[in-house]
1. Among residues other than A:A143 whose Cβ falls under 13 Å from its Cβ, what is the net charge (Lys/Arg +1, Asp/Glu -1)?
2. So what are the ³J(HN,Hα) numbers for the stretch A:79-93, from phi and the Karplus equation (6.51, -1.76, 1.60; θ = phi - 60°), rounded to whole Hz, Gly and Pro as x?
3. With each label point set 7 Å from Cα along the Cα-Cβ vector, what nm distance links A:F132 and A:I63?
4. Given 10 Å bins starting at zero, what is the percent of C-alpha pairs of the stretch A:56-104 in each, up to the one with the largest pair distance?
5. Label B:L25 and A:I55 with points 7 Å out from Cα along Cα→Cβ: what is the distance between them in nm?
6. In a solvent-free Debye calculation with one equal scatterer on each Cα, what is log10 I(q)/I(0) for the protein assembly as shown at q = 0.16 Å⁻¹, listed in the order of the q values?
7. Given the C-alpha atoms of chain B, compute the convex hull and give its volume per residue in Å³.
8. Helix-only estimate, please: 222 nm mean residue ellipticity of chain B, summing -39500 (n - 2.57) across DSSP H runs of length 4 or more and dividing by its residues, to the nearest 500.
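Only the coordinates and a few stated rules stand behind these numbers; no lab work does. For clarity, every value in this text was computed on a predicted model and none was experimentally measured. Cβ: placed from backbone, ideal geometry, glycine included. Neighbour counts: every protein chain shown.
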Amino acid sequence: MVATVTGLWFPGVKLPQFDFNTLNGYLALGLTNSFADPVRTFVIGGTIHMIDGIIWALIFGLIISPTLGVVVKPLRPMTPTVNLIKGLIWGGTLWIISSALWMPLLIGAILGPALTGAPPAGFGLACGVGPFLTCFGPYGVQALFTNLFWHMIWGVNLGLLFNPMRLGSKVRW
Amino acid sequence: MMRSLMIYLGLLILGIIFAVAGWFLTPGAASFQFPGPINEGGQSLIALGLAFVVVAVGLLLAGAQERMMAGTE
């Protein structure tokens, strides 16, 4: 939720806006319906995006975090710093998945023709969604790094909030 | 402890430098009008710099929580 809202604020720091709600809406409703009703697209896409975020966080809490603790010895202690590093690793993994697969294969397929198509039907841009998000419409590789920034916000929030403790711990907050 | 703190602060300062440099490299004012200002290098620096800042702040917060927990054990 924090990352999603922050993505909408990105233009305030001269970055491309990351509106994952609308992008998910495009996937769910198709471009024609989405352009006709942008509010519905945002709300439906936002709901899908929130559920996505919860599922990825559950996968982290139930599978990834404990597994990293077993497989990688330095990540065994359940301290806040180690938990944060695990969250950052998961955020980085999702950045790779998003940039390598979700953006070019799904968003590129649906939005690419509209971005590269000749006006007035399309925007007449040189690029739709490039491989590994090396371009996105009018933006170049800054889209990839902005996506990294977005996923680091998500990873930091996840890592700071998910702080499991061992049964023997005397700390009670 | 002190070395970790220096690394986190270094990351924070590096992030701020990147973000400020990127801000000046990107021409025009910040705008919510699509597509807004476009500069590949400048915006990449802003995004990377702010990512460093977010990670550094997270590490500083986690470190502070660790110290508080040590005090309550």
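1. Details: positive: none; negative: A:D19, B:E40.
Surrounding charge for A:A143 is -2.
2. 9, x, 5, 5, 4, 5, 4, 4, x, 5, 4, 5, x, x, 5
3. Label-label distance for A:F132 and A:I63, simple model: 2.5 nm.
4. 27, 51, 19, 4
5. So the two model labels end up 3.7 nm from each other.
6. Once normalised to I(0) and log-transformed, intensities are -1.19.
7. Working: hull volume 6.3 nm³, N = 73.
About 86 Å³ per residue, rounded to a whole number.
8. Numbers: 2 runs with 57 residues, N = 73.
Taking each H run of at least 4 residues, the total per residue is -28000 deg cm²/dmol.
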